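The values are calculated or read from the model by the stated rules, or taken from the named source; none is laboratory data. Given the structure is predicted, the values throughout are model-derived calculations rather than measurements. Please note: Cβ atoms are built from the backbone with ideal geometry, for glycine as well, and neighbour counts cover all protein chains shown.
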Ligand SMILES: [Zn+2]
């Protein structure tokens with residue numbers, strides 16, 4: 001018996017409609033189906049850190065060994081703002097939450113990468129402006145509400161060369177790229193991002209004197225992420241970011257584990 005022509009047509013039509021990929025679930029993450037990119041550097045005494053008074057290198061001491069004590073145990077000391085770390089709103093603005101008071105829901109969000117590695121390579125004092133962000137949005141779509149934005153400057157390639165990473169000139173001034181204040185204003189106010197990250201020592205560029213971007217973030221009660229690793233391994237969009245800072249009571253920030261969870265269903 002021949003099937004009705006309308007049925008055949010309907011099947012052809014159904015086949016022609018691409019079925020959109022489903023967004024990943026936490027169950028997919030738990031079962032190991034999703035690719036996870038670790039965006040944190042290992043902490044060690046060679047890590048570049050902010051060259052200011054009272055800052056000091058990461059320090060790790062062994063306080064018990066398997067040979068002598070039957071257990072391996074170490075003690076560490078570190079500035080809060082060393083290695084891959086989070087800047088809390090109270091870092092630059094009085095009365096704002098410390099790292100221990102950031103709402104846990106604020107530490108997860110859709111991620112986007114804004115790639116300025118070419119521009120930063122030509123100009124180490126490059127700053128991402130609101131205009132640059134709007135041009136990026138024309139190409140890639142709006143930065144999603146609640147996003148965690150990651151600025152890829154290419155500085156990660158200098159991570160193991162602390163002097164080059166700081167970009168210190170003969171006069172001791174620092175040169176590395178960053179966000180401009182108007183980009184931070186646009187992203188926090190218009191796009192309601194949860195945080196701004198970067199693969200350099202600071203969300204403000206190296207030449208900054210007044211740390212405007214830090215202040216915009218502090219006033220908006222959003223966080224910064226600095227020395228974020230492996231941004232070259234991420235797509236422009238189509239991933240989620242999980243941020244897990246150490247919960248230092250009253251802390252102005254702290255060493256942070258950051259993971260990107262890739263979402264193949266959201267690629268463009
Ligand atoms: Zn910091």
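Structure notes:
- Identity of the residue in the range 196-226, away from the ligand (no atom under 12 Å from the Cβ) and either out of contact with any helix residue (DSSP H, G or I) (no Cβ under 6 Å at 6 or more places or on another chain) or modelled with pLDDT under 95 (or both), that ends up nearest to residue 146 (Cα to Cα): 219
- Residue list for the range 247-268, restricted to those being touching a residue at least 40 places away in the same chain (Cβ under 8 Å) and part of a loop (DSSP other than H, G, I, E, B): 247, 248, 249, 250, 251, 252, 263, 264, 265, 266, 268
- The range 144-172, residues that are exposed (fewer than 15 other Cβ atoms within 10 Å of the Cβ) and more than 18 Å from residue 121 (Cα to Cα): 145, 170, 171, 172
- Within the range 51-102, being away from the ligand (no atom under 16 Å from the Cβ) and in a strand (DSSP E or B) holds for 59, 60, 61, 62, 63, 64, 73, 74, 75, 76, 77.
- If the condition is being without any contact (Cβ under 8 Å) to a residue 24 or more places away in the chain and over 19 Å from residue 199 (Cα atoms), then the range 132-143 contributes 135, 137, 138, 139.
- Filtered residues of the range 202-232 (kept if assigned to a helix (DSSP H, G or I) and closer than 20 Å to residue 43 by Cβ): 231
- Among residues of the range 75-88 that are within 17 Å of residue 215 (Cα to Cα), those with a Cβ under 6 angstrom from a residue that is near the ligand (Cβ under 9 Å from one of its atoms) and in a loop (DSSP other than H, G, I, E, B), sequence gap 6+ or separate chain, pair up as 81/50; 88/252.
- Some residue of the range 110-118 being at pLDDT 95 or above and in contact with a helix residue (DSSP H, G or I) (Cβ under 7 Å, 6 or more places away or on another chain): yes
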